[in-house]
Amino acid sequence: MRPRSWLASVSLLALLQCSPSNPAGDAGADPFAVPAMACRSGAGWAGDRPAFSRNTEAWGLSPVRGTRFATADIDNDGYADLVVQSGATNVRTNLDATPPVIHTRLLMNRPKAGGGREFVDATRESNFLATRDGAYGRNNTITGFADVDNDGDNDAVTQVYLNVSAPDDPGDRGVVMLNDGSGRFALAGESALAPAHADGFASQASGIAFVDQNRDGNIDVFVSYFYEPNWPAEVGQQPSLFRGNGAGLFEDVTTSVGMQLGDQMADFAMARHRRPLYGASACDVNGDGMLDLLGAAYGRQWNELFVSTADGTFREVGLSSNVGGDANREFQRDESYLCYCAAAAGRCPAGTPEPRYMCPVRGWRAGYNDQPWRLNGNTFTIACGDVDNDGDIDLYTAEIAHPDTGPASDRSQLLRNTSPMGATPEMVRFERVDRTQSGLVPGSAASQDEGGISAVMFDFDRDGRLDIWYGASDYPGNFGWMFRQKPDGTFEQVSSAAGVRHACPVGIALADFDLDGDQDLIVGSSTARNCAQTWRMGNEVHIYENVASDANWTSIRLVGRGAGGANRSGIGARVRVTAGGVTQTREIAGSFGHFGLGQELVAHFGLAANCAIERIEVRWPDAAGTVETFTAGASGAAIPANYRLELRQGEGRVRFETAPRMTADAGAR
């Protein structure tokens, strides 16, 4: 028997948890019935109290250890659940060992005795770690959730980063785990995305992102990889696109869609070579209704941007679009270069300064380290979002950079989209915004090494402007930095005031875990380098509940038709919400970034003081690029804020929760 629908489940929960200020409705009532206005005060976060409350123990996460996360509503009860991964390679989980060896956990978001919510371990009963050899405890380092078989629940796509130099290999590769709707999983059949052990392909996966590249209503999967095993160090493994058949099986279409890159030095000079990638993202950079693919490149190489075209292929335009790297090529201030010069008189131009660091630093190869393709960034994550509410998608890069490398090594940066709507791949352009101008300067005097690993855009204070979380790790003085967007479009760093200055963060999970209308943050902790001095108990996992403001909000879940329409998850859809004359844009994406940063498949909008929504428009990712406007009820009245909404393709009317949930956050205390 199929579980209750998402909306019916949260409606029942609203009934059970309503307060005097939240009049209860009937869980069996017409979901299209327009509920009463539920206006909040609209008071924003003034910085006079923490915006986040660290409630790790209350949620049952104190004993949990991990660095990477995935999140989705696994059992269709309306609440986002959690997968926690340690990042360990070449090793399986063993729940029967004494003590248990745990590298992956599946935690369900459940009601807590006495009120509230908590995470309950369901790793074994979920069958999530099943293997093809009959053992239990599959090794996986990346997990993403999407409805790959269009049956109304979130399935899991997993990938493995295999340490190819280690002697042990348990044989696990990427697999697809099909969900029965109640949170129990079964292995899908073998396919290109989930090869047999004899096929060594996909050994160093570093990220996954979901798309529907041919817009047939079935989910496809983009996978990024790190270096090519057994090749020269500069060559990356070819990123791949796997096309889904709607039943959990996939075929490799990388070459047929024009994504194949080269490995010869001539390819490097022309930015046509395979690059080592440390993360994957997908967003529609030119507004043509088709998701484009982003590869975050390591090794100071150009980031990749594959822009989709009307003929079903991609064009790689990382360099020409300015996504590949910034324009600074001043390698002459790299301390390794200065050491190279100091080692032999006359090797470098007269007047070359002496090195400031003890030599050698990192080593220097003339004709190699001084080439444009080696003078970019070490990018771990590229985050997507309409940061300036102008209707197109901007980017933010999380980079690792060091003071000895000089200005040629790219720093983390905001990239504003300046592409004309519907631009051809060659016309796609981004403007790299000066960090001082934007206010997006992570770090302090104690953090000369910039350790950017994670980044995500979300409106934490619900004022209608996207903010940026930036996770910097593994070096002295590195923290999670929260940048709040101000009315003038610049940012201010509010990490300490917001109560979320987390030391050495790695992976994140972003979702409204308590269904109170704002997005909460789960953060993993690194123990690499000096970070072990901070996290002496290991890779601690902490949840920061959002208690920022009493501003209004809405959150929207999409349901596509499936085959013949948009995919059931709505991945690739663009949602536009207008309130108070301001239109905000979100895209449904899911997993993105370095080793799969977790975000739920729900669009969240802060509405500030506006308690009525004037317009909701969805551009569906189907073959026709269908644009649908949703109204409240048959009369087309204003849509009340502060309700979770469900929009189903072809209905044109908003489905509401039965009652608003306002009791759990700051405004209703």
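The values are calculated or read from the model by the stated rules, or taken from the named source; none is laboratory data. These numbers were taken from a predicted model, which means no experiment stands behind them. We place every Cβ from the backbone using ideal geometry, glycine too, and count neighbours over all the protein chains shown. When the accessible area is computed, the model is the full protein with side chains, heavy atoms only, and any ligands, DNA or RNA have been set aside. Shrake-Rupley method; radii C 1.70, N 1.55, O 1.52, S 1.80 Å.
Numbers below:
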item	result
Whole-percent carbon and sulfur share, accessible surface of the range 272-336, 1.4 Å	46
Peptides 630-639, 457-466 ordered by average Cβ neighbours within 10 Å, highest first	457-466, 630-639
The range 90-188, relative contact order in percent, only Cα pairs under 8 angstrom and at least six apart counted	24
Relative contact order, percent, the chain [alpha-carbon distance under 8 Å, six or more residues apart]	17
Cα extents of the range 517-581 along the three principal axes, largest first (Å)	52, 36, 15
Computed E for Asp96/Asp388 - FRET, C-beta separation, R0 45 angstrom, nearest 0.05	0.25
The range 416-458: proportion of alpha-carbon pairs further apart than 12 angstrom, %	74
Taking the C-alpha atoms of the range 533-669, convex hull volume expressed per residue in Å³	158
Descending semi-axes in whole angstrom, ellipsoid equivalent of the range 240-322, from the Cα gyration tensor	22, 15, 13
Counted charge near Ser320, where neighbours are those whose Cβ lies closer than 10 Å (Asp, Glu -1; Lys, Arg +1)	0
Potential extension, Ala266-Asn328 segment - 0.36 nm per residue separation minus Cα distance	20.1 nm
Karplus (6.51, -1.76, 1.60) ³J(HN,Hα), θ = phi - 60°, over the range 262-273, in Hz, Gly and Pro reported as x	x, 9, 8, 4, 4, 5, 5, 4, 9, 6, 10, 9
Net charge of Cβ neighbours under 10 Å - reference Tyr544; Lys, Arg +1; Asp, Glu -1	-1
Accessible solvent surface per residue of the chain, calculated while the other protein chains remain in place, 1.4 angstrom probe, Å²	34
Nonlocal amide H pairs with His103, under 5 Å, H built at 1.01 Å	Thr93, Asn94
Interatomic Cα distance distribution for the chain, bins of 20 angstrom, percent	19, 56, 23, 2, 0
Per-bin percent of Cα-Cα distances, the range 326-400 [5 Å]	3, 14, 18, 18, 14, 9, 7, 6, 6, 4, 1, 0
Heavy-atom accessible surface of the range 380-447: percent carbon and sulfur, 1.4 Å	54
Calculated Rg and Dmax of the range 46-166 using C-alpha coordinates, Å	16.1, 56
HN-Hα J in Hz across the range 456-463 - Karplus 6.51, -1.76, 1.60, θ = phi - 60°, x for Gly and Pro	8, 9, 7, 8, 5, 9, 6, 9
Computed Kirkwood radius, in angstrom, where 1/r is averaged over Cα pairs of the range 365-410	12.6
Protection-proxy order for peptides 613-623, 315-325, each taking the mean of Cβ atoms within 10 Å per residue, highest first	315-325, 613-623
By average C-beta atoms within 10 angstrom, highest first, the peptides 112-121, 428-437	428-437, 112-121
Total formal charge among the other residues, if their Cβ is under 14 angstrom from that of Arg272, Lys/Arg +1 and Asp/Glu -1	-2
Length-normalised contact order for the range 319-379 - Cα pairs under 8 Å, 6+ apart - percent	40
For the range 352-376 and the range 567-613, distance of Cα centres in Å	43
Whole-angstrom gap from the range 248-322 to the range 90-159, using each part's C-alpha centre	31
In the range 355-388, the trypsin sites (Lys or Arg not before Pro) that fall in loop regions by DSSP, at most 16 other Cβ within 10 Å	Arg356, Arg362, Arg365
The range 226-280: trypsin sites (Lys or Arg not before Pro) falling in loop per DSSP and having at most 15 other Cβ within 10 Å	Arg272
Fraction of antiparallel bridges per DSSP, the chain only, in percent to nearest 5	95
Gain on full stretching of the segment that runs from Ala135 to Ala634 - 0.36 nm per residue minus C-alpha separation	174.2 nm
Accessible surface of the range 492-639 [probe 1.4 Å, protein heavy atoms]: carbon and sulfur percent	46
Residue among Ser412, Ala383, Ala423 farthest towards the positive dipole end of the range 368-428, charges placed on Cβ	Ser412
